[in-house]
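Visitor: First the structure, then my questions, so here it is.
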Amino acid sequence: MNIETHSALLTGCQLKEYRILSVIGQGDFGITYLAQDTKQNQQVAIKEYFPDNLAIREEDSIEPKSQQDEKNFVWGLERFSQESKSLTNLHHPNVVRVLNFFKANNTAYIVMEYEQGQNLEHILIDTLPEAKIKNILPHLLASIHAVHEAGFLHQNIKPSSIYLRDKDNTPVLLNFGTAHYAMGRLHRKAIVTPGYAPFEQYQIKGPQGPWTDIYALGAILYRAVTGITPPEVLDRINAITRNKSADPLVPAIDIAKGKYSNSLLQGIDWALQIAEEDRPQTVQQWANFLLPNATNTLKQCKNISSTDTRQSINRWIVIALIIIGLNIGYVFYINQTTSDLKQQHAEELQNSTTNKINLQQKLKLAQQDINETATNITSVRQQIAVLQEENYSLKEKLNTPSSTISYALGDIIRDKLSDNSYGPDMIWLSGGKFMMGDIQGNGEENEQPAHWMAVENFAMGRYEITFTQYDRFAEATERNKPDDAGWGRGTKPVINISWYDAYAYAHWLSQQTGKKYRLPTEAEWEYAARAGTISQYWWGDEAVPCPECKDETISIGSSLPANGFDLYDMNGNVREWTCSEYTANYVGKERVCVYRSDRAARVERGGSWLNPDMRVSARNYSLPDKRYLNVGFRLVRED
């Protein structure tokens, strides 16, 4: 099939020993040609690196459109070249074979075997019988398994990336997307095929692995048994989190039950789980569920794709150096058994005395791990200590009858203080699971990785703590009142208070009410700020003006409306202290409170009059003894 294009090489054009016959495909990053190999006298497919958003063709040469485009063009060309060289070493009967790679015309070309057949997109005009699916599926599973065993991912599996050969109806996997993904990272946007891409591919640094390709193949199988392309994963998340409705993806087991085997349908549904940890983690694991004889198929595949253990290890080293040196989007994945590693290590010790040095280095690393573990144990002990320290009035609480009050989402709670006045307004939030971090990939490095997080029931302060509320505490405890910078006190959020000041206020309020108040964890803060949304702001993805805002604080609740949880000023006025320790990326500390005596920096959340970034995932931090004109706090009340 010929495809008309005004930017392609002309028919008859000669590239080394290859003569262009026609164009057989074109995408955002390149053009694929049918060509004649004049030396081997055979037809081949040639893919040309040509990102049409960055470059134009001048005669036969590919030239960047601008100086900035030149920088990005060269960056992408290197990724394209590295992908090509890696594929050259991958040999499997169901993966397109790369025959050659060369540079010419200020760009690069991949020469591949030309397979006569048709892509799966043209075949999936209707559902496929299970017999045909099970003729194709073992080959696809084996080919993807081989790709993963070789150390990288496909990242672009969709119906048009799979060809069925005319001669024997076996599938061929082509159109790898690793370079595409790397270009997406460069431009900070997702380059995906809706319906076939899992959520992690919409993120700049999403946690991709074998489960990513498994989702895509699961989506193809879903279409094969239902005749329907799965809804885009962002629409699924939006329906569940924002609209509080059911997942728009109807399970395959519900649509096609009775027409296909339960193991096939349940395997498809397993692969299409939104959270990556809920999917099969390896092709082997998934294949064992889908097909009784898949294990043998994948073992045979492994024998075909590698010659011996030492060559496989060398290939891993080369690929690892490429990934580290060029910071590309390949995903490194190794699966060796412990017994294999022990046997290999024993052989290496016998073959070379230099391994003694390697062993010493490993022992040194092991000692570092031990030291790190000891540090973690100390941290846990500190967490236990702070729980003991904050377990106020335990005997009194034991003698008090248990409360029978139960709260619903959105209930307003006002606890009485010892003088019969009321504490801050608290909004009851039902716990749940949400996606935390920079979901859209437009934020900073410290907002990654986006990940699933669960929180328990808690009440969140409806407003930031005001000067009036804090001054009452200062008077009761004979503390110095913070400076208001001449902006006024009253209902304005308290400023110029350290993390220790906020901690002390929460402890005092707990003593006054007999309830447990504290600063929110970073996870609780974002859960409350998102209010069930996945957008950059709780109202959407575009910033909105604040006509009431000025170069100082304003009274609480007087700027933007409340979010979906009836919480005010979560996106502005002042940044807010949390109880969580700051780390450059998420490693789990966002879900817990740091020990009071720990000097580590604390996370601050939310925009302020001084910092206009109001996105719900934006993060800041300060040392706990610092005080600022633009930092205040709000509290959490535990169940």
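Visitor: Report, to two decimal places, the Cα Rg of the range 1-117 normalised by 2.2 N^0.38 Å (N = number of residues).
Guide: Normalised Cα radius of gyration, the range 1-117: 1.04.
Visitor: Say the cut-off is 18 Å between C-alpha atoms; which of LYS47/LYS103; LYS16/LYS47; LYS134/LYS259; LYS433/LYS516; LYS132/LYS259 go over it?
Guide: LYS433/LYS516
Visitor: Further, regarding this structure: Please list 3J(HN,Hα) in residue order for the range 263-269, calculated via the Karplus relation 6.51 cos²θ - 1.76 cosθ + 1.60 where θ = phi - 60°; whole Hz, with x for glycine and proline.
Guide: 5, 5, 5, 5, x, 5, 4
Visitor: Mind giving me the nanometre distance, one decimal, between the label points for ASP483 and LEU10, set 7 Å out from Cα along Cα→Cβ?
Guide: Reported label-point gap for ASP483 and LEU10 is 7.6 nm.
Visitor: Roll a 1.4 Å probe over the protein heavy atoms and report the accessible area of VAL283 in Å², nearest 10.
Guide: The value for VAL283 is about 10 Å².
Visitor: Report ³J(HN,Hα) in whole Hz for each residue of the range 140-157, in order, from the Karplus equation J = 6.51 cos²θ - 1.76 cosθ + 1.60 where θ = phi - 60°; Gly and Pro get x.
Guide: Working through the residues one at a time gives 5, 4, 5, 5, 5, 4, 5, 4, 5, 5, 6, x, 8, 10, 7, 6, 8, 6 Hz.
Visitor: Shifting gears a bit: In terms of solvent-accessible area of protein heavy atoms at a 1.4 angstrom probe, what is the ranking of LYS259, LYS416, highest value first?
Guide: Highest to lowest solvent-accessible surface, that is LYS259, LYS416.
Visitor: Amide H neighbours of TRP452 under 5 Å, counting only residues 5+ apart in sequence or on other chains, H built in-plane at 1.01 Å?
Guide: Distant-sequence amide H within range of TRP452: MET436.
Visitor: Further, regarding this structure: With every atom except the alpha carbons ignored, what do you get for Rg and Dmax of the range 443-552, in angstroms?
Guide: 16.9, 45
Visitor: Could you sort LYS257, LYS158 by their accessible area in this structure, using a 1.4 Å probe and putting the largest first?
Guide: In descending accessible area the options line up as LYS257, LYS158.
Visitor: Can you give the net charge of the other residues whose Cβ lies under 9 Å from the Cβ of GLY209, counting K and R as +1 and D and E as -1?
Guide: -3
Visitor: I'd like the Karplus ³J(HN,Hα) series for the range 591-601: coefficients 6.51, -1.76, 1.60, θ = phi - 60°, whole numbers in Hz, and an x wherever there's a Gly or Pro.
Guide: Ordered by residue, 3J(HN,Hα) equals 9, 10, 8, 7, 5, 4, 7, 6, 8, 4, 5 Hz.
The values are calculated or read from the model by the stated rules, or taken from the named source; none is laboratory data. These numbers were taken from a predicted model, which means no experiment stands behind them. Every residue, glycine among them, receives a Cβ derived from its backbone with ideal geometry; neighbour counts consider all protein chains shown. Just so you know, the surface numbers come from the protein's heavy atoms only, side chains and all, with ligands and any DNA or RNA stripped out. Shrake-Rupley method; radii C 1.70, N 1.55, O 1.52, S 1.80 Å.
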